[in-house]
1. For the stretch 1-112, with the dipole built from +1 on Lys and Arg beta-carbon atoms and -1 on Asp and Glu ones, taken about the Cα centre, which of M101, H61, F47 lies farthest toward the positive end?
2. With +1 assigned to the C-beta of every Lys and Arg and -1 to the C-beta of every Asp and Glu, and no other charges, what is the dipole magnitude of the chain about the Cα centre in debye, to the nearest 20?
3. Can you list residues from other chains, or at least 5 along the same chain, whose modelled amide H is less than 5 Å from the amide H of K169?
4. Please check: in the Gaussian network model of the chain (C-alpha springs, under 10 Å), which one of T97, T152, T113 has the largest mean-square fluctuation.
5. What's the long-distance tail for the stretch 65-195, i.e. % of Cα pairs beyond 19 Å?
6. Determine ³J(HN,Hα), in whole Hz, for all residues of the stretch 37-54 in sequence, where each value follows from phi through the Karplus function 6.51 cos²θ - 1.76 cosθ + 1.60 and θ = phi - 60°; x replaces Gly and Pro.
7. Taking 0.36 nm per residue of sequence separation and subtracting the Cα-Cα distance, how much length would be gained by fully extending the chain between K117 and D40, in nm to one decimal?
8. Would you grab the residues whose amide H sits under 5 Å from the one on V22? Only those 5+ places off in sequence or on another chain, please, with H modelled 1.01 Å from N.
Amino acid sequence: MDGFLKREELEALGIRQFGESVFIGRHVILYHPERLILGDHVRIDDFTVISGSVQLGSYIHISQFCGLYGGEEGIVMEDFSGLSAKCSVYAVSDDYTGSSMTNPMVPAQYKPTSIQKKVTLRKHAILGCNSVVLPGVEIAEGTAVGSLSLVTHSLEAWSVYTGIPAKRKSARKQELLKLEEQFWSDQVTGGKAGC
């Protein structure tokens, strides 16, 4: 795992809090690492950008070329959630209607209608590659979003969504909950579970 920062390098970044077995690629960009909270067993691959308030639970993977833009309201990813390559999650956005100026170099007073709303990915939620999530969305527990989807509203639990905008296609199987139960049991008994 030479491509990932060592623990002492993580400590030097000034990350607010991080747990055990945290792997951050050497080419990840962290704006405001003092606002980043990471649980245990987290892997963030190269060329990902994390900005603003972001909190990741445990057993999370963020694949390469993702963007998490938490702003003030923040992004929360609960345990076992994940992002495939090139996903973008926005808790902040400029208003493109013309009611407000745009871009981060313009002071907030000139952007009165900019959008800041918390985004949450609940436990076992996953985004397929190149998906985009907009401010204020909650992706409910166990929900899978297919590749190239645009999520503009909150999604139902244990469902599969695809499209632009994302629409519910079917229920998602819940067998993985039995596997999670076995996983935790193996953790306690010293079974084969591991990364």
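Where a number appears in this text, it was derived from the coordinates with a stated rule and is not lab data. Since we're looking at a predicted model, the values are computed, not measured. Cβ coordinates were reconstructed from backbone atoms using ideal geometry, including for glycine residues, and neighbour counts include every protein chain displayed.
1. Toward the positive end, the furthest listed residue is M101.
2. 560 debye
3. The answer is V160, Y161, T162.
4. Its mean-square fluctuation being the largest, the pick is T97.
5. 54 percent
6. Computed from phi, the couplings for the stretch 37-54 are 10, 10, x, 8, 6, 10, 10, 10, 7, 3, 6, 8, 10, 10, 9, x, 7, 9 Hz.
7. Working: separation 77, 0.36 × 77 = 27.72 nm, distance 2.60 nm.
Here the segment from K117 to D40 would lengthen by 25.1 nm.
8. Here the answer is H41, V42, since their amide H atoms fall under 5 Å of that of V22.
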